Amino acid sequence: MRPPCLADAWLRHEAELRGYLRHRLGTPQDAEDLLHDIFLKALRQGQRFCAVENPRAWLFQVARNALNDRLRSAREHVPMPEDLRAPEREASRPVDTLSQCLPRALTELCEADRLAITLCDIDGHTQQMLAERLGISLPGAKSRLQRARVRLRQRLLTACRVRFDEAGQVCCFTPRPPMP
C-alpha cells in the first residue's frame, strides 16, 4: 500500500519529472520506463518517504541517479584486443629519485618546519590538524607550512643541487651521500 504522502508528492511532481526525463532521454517510452523505476524506488521507501523534508528534491535526485545509470549502461563498450601490449615503463623521472635526498634535507630543517611538512605533505593530514597540533590558528598554520616549503626547497637547491627545466619541473640533481 502506498503512503498518502507519496501519493500526494507523486501527483504534484509526476508531470515535471516526466518532462525532465523526456528532455534528457529523447523518447517518451524510455522516459516512461525510467519514471516507473523512480516510482518503485519511492514506493519501496514506504513510511520513510513521509519523513523526507523535500519530496520534490528527493524524487529529482533519484531521477538524476537513475538517468545517469541508464546513460552509463547504454554507452558502447569496445573490447580490448588480446594482443594489446602494456605501455613501456618510463625511465624514472628525476623527481622520483629525488626522494633519496629528501630525508636528509628534512633533518636539516628546524623541528617546526619538519613537523609541518611531514604532517601535511608527507602524511597527508589537513592544515587544520597542523593548527590544532601546534595550538595556532588555521591561517597561522597555512603560513607556517608555506614558509617551511620555501625553506625545504632552498635546502634541496643548495644541498642536492636540484635544477629545473624551462617548465619549472625538476630535471636533475646531485644525490648526497646517506647520513651516517
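Given a 1.4 Å probe and every protein chain left where it sits, what share in percent of the accessible area of the stretch 94-168 is carbon and sulfur? The partial results should precede the final answer.
Values: 2390 of 4530 Å².
Its accessible area is 53 percent carbon and sulfur atoms.
Per-residue HN-Hα couplings for the stretch 23-38, Karplus 6.51 cos²θ - 1.76 cosθ + 1.60 at θ = phi - 60°, whole Hz, x for Gly and Pro?
4, 7, 8, x, 10, x, 5, 5, 5, 5, 4, 5, 4, 4, 4, 5
Once the piece of chain linking Arg163 and Glu53 is laid out straight, how much longer is it, given 0.36 nm per residue of separation minus the C-alpha distance between them? Mind dumping the intermediate values first?
Details: separation 110, 0.36 × 110 = 39.60 nm, distance 5.83 nm.
That works out to 33.8 nm of additional length.
So, taking all protein chains as they sit and a 1.4 Å probe, how much accessible area belongs to Val162, in Å² rounded to tens?
Answer for Val162: close to 10 Å² accessible.
Read through the labelled values (1) 0.96; (2) 1.82; (3) 1.05 and report the label of the one computed as Cα Rg over 2.2 N^0.38 Å from the structure.
So the calculated entry is the one marked (2).
May I ask you to rank His125, His36, His23 by accessible area, largest first, using a 1.4 Å probe over the protein chains only?
Working: His125 75, His36 105, His23 140 Å².
The most accessible residue leads, giving His23, His36, His125.
If amide hydrogens are placed 1.01 Å from N in the peptide plane, which non-local residues have theirs closer than 5 Å to the one on Cys171?
Arg163, Phe164, Asp165
When the helices in the chain are scored as -39500 (n - 2.57) per DSSP H run of 4 or longer and the sum is shared across all residues, what 222 nm value do you end up with, to the nearest 500 deg cm²/dmol? Please list the in-between numbers first.
On the way: 8 runs with 106 residues, N = 180.
Helix-only estimate at 222 nm: -18500 deg cm²/dmol.
Using a 7 Å offset from Cα along Cα-Cβ at Asp69, what residues in the stretch 1-35 end up with backbone N under 12 Å from the label point?
Under cut-off, by backbone N: 34-35.
Sticking with the crude label model, points 7 Å out along Cα→Cβ, report the distance from Val150 to His23 in nm, one decimal please.
Each label point is offset 7 Å from its Cα along the Cβ direction, giving 5.1 nm.
In Å², what does the accessible area per residue of the stretch 34-85 work out to with a 1.4 Å probe? Let's see the in-between values first.
Working: 4000 Å² over 52 residues.
Result: 77 Å² per residue.
As an exercise, use a Förster radius of 41 Å and the Cβ-Cβ distance of Met80 and Glu108 to find the FRET efficiency, rounded to the nearest 0.05. Walk me through the numbers on the way to the answer.
Values: r = 49 Å, r/R0 = 1.19.
Taking R0 as 41 Å, the efficiency between Met80 and Glu108 is 0.25.
With angles folded into 0 to 90 degrees, how steeply does helix 55-74 sit against the dominant principal axis of the chain? Use alpha carbons for both and round to 10.
70
List the relative contact order of the stretch 131-173 as a percent without decimals, with contacts defined as Cα pairs under 8 Å and 6+ residues apart.
19
The values are calculated or read from the model by the stated rules, or taken from the named source; none is laboratory data. Just so it is clear, the structure is predicted and the values come from calculations on it, not from any experiment. Every residue, glycine as well, gets a Cβ built from its backbone with ideal geometry; the counts of neighbours run over all protein chains shown. With ligands, DNA and RNA removed, areas are computed over all heavy atoms of the protein, side chains included. Shrake-Rupley method; radii C 1.70, N 1.55, O 1.52, S 1.80 Å.
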